[in-house]
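Asker: I have a structure here, written as structure tokens, and I will follow up with some questions on it.
The values are calculated or read from the model by the stated rules, or taken from the named source; none is laboratory data. Fair warning: this is a prediction, and the values are worked out from it, not measured in the lab. Please note: Cβ atoms are built from the backbone with ideal geometry, for glycine as well, and neighbour counts cover all protein chains shown. Protein only, heavy atoms only, side chains kept; ligands, DNA and RNA dropped before computing areas. Shrake-Rupley method; radii C 1.70, N 1.55, O 1.52, S 1.80 Å.
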Amino acid sequence: IKKARKEYLGAVEKILTPEQFRQYGVVRKKMMKGMCTDIAEIRLLDLQPQIGFSDEQFEKLIPVLSDNLFQVIQIASENSEKQLRPLQKIKLAKKLKYNRKEAYDKIEAILTPGQLEKWNEIKDNAGQ
């Protein structure tokens, strides 16, 4: 897959002007963000009956989950072709953990204590 992606991007870059290729990158990023937003909405719709978000909470949670997913995908993409040393892996794990904590802090600020408890129960059960 890595080889195919590299060959594909190389072929696209040869066809497009430098400005068009830059714009192509912008469109790809925008498309990926849109997909992350769609995934976040679907996930929240699944959780809605269990947690009971208000419409306002639902709308506030979408960008939190979407941004977190996009960051994880970006980190994975940036490091997918690298052979990481142990210290680099630790640094990457810390970055992912920080992103997860940052998203959780935002979620914590949006949900009520009772909703947050249900959220954590669902997360804990999904992890098992």
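Asker: Among LYS3, LYS29, which is part of a helix (DSSP H, G or I), modelled with pLDDT under 95, loosely packed, with under 11 Cβ neighbours inside 10 Å and not polar (S, T, N, Q)?
Answerer: So the residue among LYS3, LYS29 that is part of a helix (DSSP H, G or I), modelled with pLDDT under 95, loosely packed, with under 11 Cβ neighbours inside 10 Å and not polar (S, T, N, Q) is LYS3.
Asker: Between ARG28, ARG22, which is among the basic types (Lys, Arg) and over 17 Å from the mean Cα position of the chain (by Cα)?
Answerer: On inspection, the qualifying residue turns out to be ARG22.
Asker: Does ILE75 qualify as being open to solvent by less than 80 Å² (accessible area, probe 1.4 Å), touching a residue at least 12 places away in the same chain (Cβ under 8 Å), closer than 30 Å to GLU7 by Cα and not polar (S, T, N, Q)?
Answerer: So ILE75 fits the description; yes.
Asker: Then there's this: Take the conditions closer than 20 Å to ALA126 by Cα, touching a residue at least 24 places away in the same chain (Cβ under 8 Å), polar (S, T, N, Q) and open to solvent by less than 60 Å² (accessible area, probe 1.4 Å) and apply them to GLN50. Does it pass?
Answerer: Spelling it out, it is not the case that GLN50 is closer than 20 Å to ALA126 by Cα, touching a residue at least 24 places away in the same chain (Cβ under 8 Å), polar (S, T, N, Q) and open to solvent by less than 60 Å² (accessible area, probe 1.4 Å).
Asker: Now, a different point. Name the helices (runs of 4 or more DSSP H) wholly within region 55-128 that hold at least 1 residues that are under 25 Å from MET35 (Cα atoms) and among the hydroxyl-bearing types (Ser, Thr, Tyr)?
Answerer: 55-79, 86-110
Asker: Is it the case, given these coordinates, that GLN88 is under 25 Å from LYS6 (Cα atoms), over 18 Å from the mean Cα position of the chain (by Cα), surrounded by 12 or more Cβ atoms within 10 Å (Cβ to Cβ) and not small (Gly, Ala, Ser)?
Answerer: yes
Asker: Continuing with this model, one more query. Identify the residue in region 6-18 that is part of a helix (DSSP H, G or I) and open to solvent by less than 90 Å² (accessible area, probe 1.4 Å) and, among all such residues, is nearest to PHE70 (Cα to Cα).
Answerer: Among those residues, the one meeting the criterion is LEU9.
Asker: Is there a residue in region 62-69 that is among the small types (Gly, Ala, Ser), more than 11 Å from the chain's Cα centre (by Cα) and either under 26 Å from LEU45 (Cα atoms) or loosely packed, with under 13 Cβ neighbours inside 10 Å (or both)?
Answerer: no
Asker: Can you tell me how many residues within region 91-118 are aliphatic (A, V, I, L, M) and open to solvent by 90 Å² or more (accessible area, probe 1.4 Å)?
Answerer: The number of residues fulfilling the criteria is 0.
Asker: Please work out which one of (1) surrounded by 10 or more Cβ atoms within 10 Å (Cβ to Cβ); (2) without any contact (Cβ under 8 Å) to a residue 40 or more places away in the chain is the condition GLN57 fails and give its number.
Answerer: For GLN57, the exception is condition (2).
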